[in-house]
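Scroll down for the structure; my scribbles are underneath it.
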Amino acid sequence: MKYGMIPFFIPHVGCPHVCTFCNQSRITEVSGIGYLTPEYITSTIKDYVDAFRDDKYWEVCFYGGSFSAINPNLQRQLLLPAYEALQEGLIDSIRCSTRPDAVNDAQLELLRSFGVKTIELGVQSMDDIVLSLAKRGHTSNDVTLAVKQLRKFGFTVGLQLLPGLLGESWHTIIKTAVEISRLQPDFVRIYPVLVIENTELAEQYKAGIYEPLSLNRALQYCSFLKTWFESHHITVIRTGLQSTEELDTGHSVLAGPYEPAMGELVTNGQWRQRIEHCVDEHTEYFNNAIHSIVIDYPRNLTSKVRGLKKCNIRYFEKIYNDITFTWRENNDIATVQCSIDGMVYVV
Ligand code: SF4
């Protein structure tokens, strides 16, 4: 069944301070939560679901702040209309996002009692120096404890990562990948860092303290993380921020790898890394020059393997310009094969 999100944004509400990279009002195009009256929430749910109740799995989502850190009375006020809709069978579930240091027993009991099913934690990194430089106010150990807490209460657990913060490197990316896979969340979202106007990170960028990721490096990090998580049976449900008018006009994004087609390019990057890994392993093992490589793929993988606007074909022809490449569709195989001078590898 298709998924239907009914989003309510609560920019920065509940946050004990503002993280260096964060400007939820700019990202979500919402400021303040005065509009979120019970009547508004109820009528918005009805507007979304309307005549399409049976067409989608409907979920109310509270995003953009630290939900479980909000004053409990305000949490109840926000949750009650969603909970009533859940009991009436209008929606199928409720989710919210929060911080790893805001998930004690009382906070989770409240969420569970109002029917919240899924909780997403803003984790960003599992490197304590990166977390500290981003002024997150929590450590990687808080993330580990938080995931255990969420499991204890039976929530579905999602973790949000933000590759490219100040202090990030391949070392911290790999550390984050390994530690997150040990936690076995139900899903992960990966949003490479963008420099948003009116943030401390924007000031650091203007002062030359912070250098944003290039699009190429962001794609390398995201492709690696996605492949790593998938190989550890963790679903990656999104790579890159959802395109909005505010982001697309460029008024908010001062710098960084904003790319509306990020998800597609990351999938292309995964195939690029897999093929490249295969070539590197072959070279290391046989230690002699390669003359020709044939890449075979079934039709359903054609665009993913060749890449958007043939970006993978162009990449290999540029980087490995002394090797003859052949790219061909082959519907007799189920996945990608890489034949290096006649030696066939399943990628
Ligand atoms: S990143 Fe999360 S915790 Fe930090 S200011 Fe933004 S919404 Fe609040």
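The values are calculated or read from the model by the stated rules, or taken from the named source; none is laboratory data. None of the values given here were measured: they were computed from a predicted structure. Positions of Cβ are backbone-derived with ideal geometry, glycine not excepted, and every protein chain shown enters the neighbour counts.
Among the residues of region 184-209, which ones are surrounded by 18 or more Cβ atoms within 10 Å (Cβ to Cβ) and closer than 30 Å to residue 151 by Cα?
Hits for region 184-209 are 185, 188, 189, 190, 191, 192, 193.
Please count how many residues of region 90-109 are within 19 Å of residue 8 (Cα to Cα) and either at pLDDT below 95 or surrounded by 17 or more Cβ atoms within 10 Å (Cβ to Cβ) (or both).
9
What about residue 242, is it surrounded by 14 or more Cβ atoms within 10 Å (Cβ to Cβ) and either assigned to a loop (DSSP other than H, G, I, E, B) or outside the structural domain of residue 217 (by TED's automatic domain parsing) (or both)?
No.
Evaluate region 282-299: report whether one residue or more is basic (Lys, Arg) and surrounded by fewer than 19 Cβ atoms within 10 Å (Cβ to Cβ).
Yes, that holds for at least one residue.
Identify, by number, the condition in (1) at pLDDT 95 or above; (2) buried (at least 21 other Cβ atoms within 10 Å of the Cβ); (3) not hydroxyl-bearing (Ser, Thr, Tyr) that residue 15 doesn't meet.
With (1) at pLDDT 95 or above; (2) buried (at least 21 other Cβ atoms within 10 Å of the Cβ); (3) not hydroxyl-bearing (Ser, Thr, Tyr) applied to residue 15, the lone miss is (1).
Is at least one residue of region 319-335 closer than 19 Å to residue 268 by Cβ, within 29 Å of the chain's Cα centre (by Cα) and of a type in the set (D, E, K, R)?
For region 319-335, residues closer than 19 Å to residue 268 by Cβ, within 29 Å of the chain's Cα centre (by Cα) and of a type in the set (D, E, K, R): absent.
Residues are listed down the side, and each one gets a yes or a no for (1) in a loop (DSSP other than H, G, I, E, B); (2) over 21 Å from the mean Cα position of the chain (by Cα):
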residue	(1), (2)
4	no, no
14	yes, yes
35	yes, yes
41	no, yes
50	no, yes
61	no, no
78	no, yes
84	no, yes
91	yes, yes
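Listed here are the residues, each with its yes/no results for (1) in the same structural domain as residue 192 (by TED's automatic domain parsing); (2) of a type in the set (Gly, Ala, Ser); (3) farther than 13 Å from residue 338 by Cα.
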| position | (1), (2), (3) |
| --- | --- |
| 268 | no, no, yes |
| 272 | no, no, no |
| 278 | no, no, no |
| 281 | no, no, no |
| 296 | no, no, no |
| 303 | no, yes, yes |
| 308 | no, no, yes |
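So residue 322 clears everything in (1) touching a helix residue (DSSP H, G or I) at 6+ places or on another chain (Cβ under 9 Å); (2) part of a loop (DSSP other than H, G, I, E, B); (3) free of Cβ contacts under 8 Å to residues at least 40 places away in the same chain except one condition, right? Which one?
Unmet for residue 322, out of (1) touching a helix residue (DSSP H, G or I) at 6+ places or on another chain (Cβ under 9 Å); (2) part of a loop (DSSP other than H, G, I, E, B); (3) free of Cβ contacts under 8 Å to residues at least 40 places away in the same chain: (1).
Quick check on my filter: what residues within region 89-103 are touching a helix residue (DSSP H, G or I) at 6+ places or on another chain (Cβ under 9 Å) and away from the ligand (no atom under 16 Å from the Cβ)?
Matches in region 89-103: 90, 91, 92, 93, 94.
Could you check region 107-129 and list, in sequence order, the residues that are among the hydrophobic types (A, V, I, L, M, F, W, C) and either closer than 24 Å to residue 140 by Cβ or within 16 Å of the ligand (Cβ to nearest atom) (or both)?
Matches in region 107-129: 108, 111, 119, 121, 123, 126, 129.
Report, by residue number, each residue of region 336-347 that is over 34 Å from the mean Cα position of the chain (by Cα) and closer than 15 Å to residue 302 by Cβ.
none
If you scan region 68-88, which residues turn out to be away from the ligand (no atom under 16 Å from the Cβ) and surrounded by 19 or more Cβ atoms within 10 Å (Cβ to Cβ)?
Answer for region 68-88, where residues must be away from the ligand (no atom under 16 Å from the Cβ) and surrounded by 19 or more Cβ atoms within 10 Å (Cβ to Cβ): 79, 81, 82, 85, 86.
Within 16 Å of the ligand (Cβ to nearest atom) and not in a helix (DSSP H, G or I): is that true of residue 135 in this structure?
Yes.
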